[in-house]
Each structure stands twice: as structure tokens, then as C-alpha cells.
Amino acid sequence: VPVVVYPPPKTAVETDDEVAEDGVQLVEALQSHGVNYVLLAGYLKLIPEQLVAAYTRRILNIHPALLPSPFGGKGMYGQRVHAAVLESGAKVCGCTVHFVDEEYDRGAILGQRTVDVLQGDTAEDLAKRVLAYEHKLFPWCAQALCEDRVQWDDQGVPWIVDDK
């Protein structure tokens, strides 16, 4: 199985031009291996704009909260999300599979699953229940994408066509 390390190791702060060049090299590496889709799970960095442009509507991410919400965006991941949900007093949370664009957690939503917040929940309790649904929702959405069962309406909203 081919392996590509991204971002490449650096010894100093990168300039904008170096970051852009890394993005170009990543796209070239993926395309040279015939990659059709990019699936992100736990990747915390902003995706290079070159990759977003080359793989428009072909990059999926999973987020452990319902989007759009204050529980998405830069710095909102893992236990931080669940702690923020509990602190907010929300009664429902969940997970979201979305397409990736140039900003954190902003792309078109492909699938969501709600999870009730239970009295006495800790961030760890909530994380476990949400993760169980992430493990079902993400593969379901990814399979639909890979099987060309994702359709788009005129406003850029995707939906999954049932194959049954």
C-alpha cells in the first residue's frame, strides 16, 4: 500500500508559498495513485485549498457535533466538543458527515445523526455514544459517495439516493 506523509516534515516556519507548494505536491501524489475520494476522520488541520479545488465534492469529513453549530470550527474537536455541548445545556447533540471546503466544518452536510444528552452525562459518556453513531454514519455516507449515489440539487445541497 503506497504511503504519503502529509504535511512533509519541516524544520522551520513555512511561508505561504511553501504551504501552497505542499498542497500542490499532495494533489499530485494523490492523483498519481489514482485516488478518487479523500475521507477524513480525526484530521485536524485545514485542508490545502489546492486539494479542495482538485477534489471538490469528493472530500468527506466526520465531526462529532451537529453542524452548523457553535460546536464546529477551528479548535472544536474531540472532548472539547462534548464538554462545550454539556456546558451549553443542549439536550441533543450528534455527529455530522460533511463535504470539505476551504473552512473548518462549513461544507455541505451529507448526513447527520442525533444523540440525546442524558442527565448526568460527562464529556466522556457523551463522546462514547456519539462515536458509536460516527462509526455507522461515516461508512454509510462514504459508501454512497463511492457508489455515485450522492445527488446535488440546484442550491448545492447533497442527498443520498437509496439503492433499494
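Where a number appears in this text, it was derived from the coordinates with a stated rule and is not lab data. These numbers come from a predicted model, not from an experiment. No Cβ is skipped: glycine too gets one built from the backbone with ideal geometry, and neighbour counts run over all protein chains shown.
Could you tell me which of rounded, prolate or oblate describes the chain, using a ≥ b ≥ c as the square roots of the eigenvalues of the alpha-carbon gyration tensor, with rounded for a/c under 1.5 and, failing that, prolate when a/b is larger than b/c and oblate otherwise?
Values: a/c = 2.10, a/b = 1.35, b/c = 1.55.
Oblate.
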Fill in the blank from the handout: Extension length gain for residue 147 and residue 40 (0.36 nm per residue less Cα distance), in nm, is 36.7 nm
Exercise for the section: Between residue 91 and residue 108, with labels modelled 7 Å along Cα→Cβ, what's the label distance in nm to one decimal, could you check? Expected result: 3.3
Completion exercise
Label model pair residue 124, residue 33: point-to-point distance (7 angstrom along the Cα→beta-carbon line) in nm is 3.5
Fill in the blank from the handout: Rounded to the nearest Å, the spacing of the alpha-carbon centers of the range 112-164 and the range 47-78 is 14
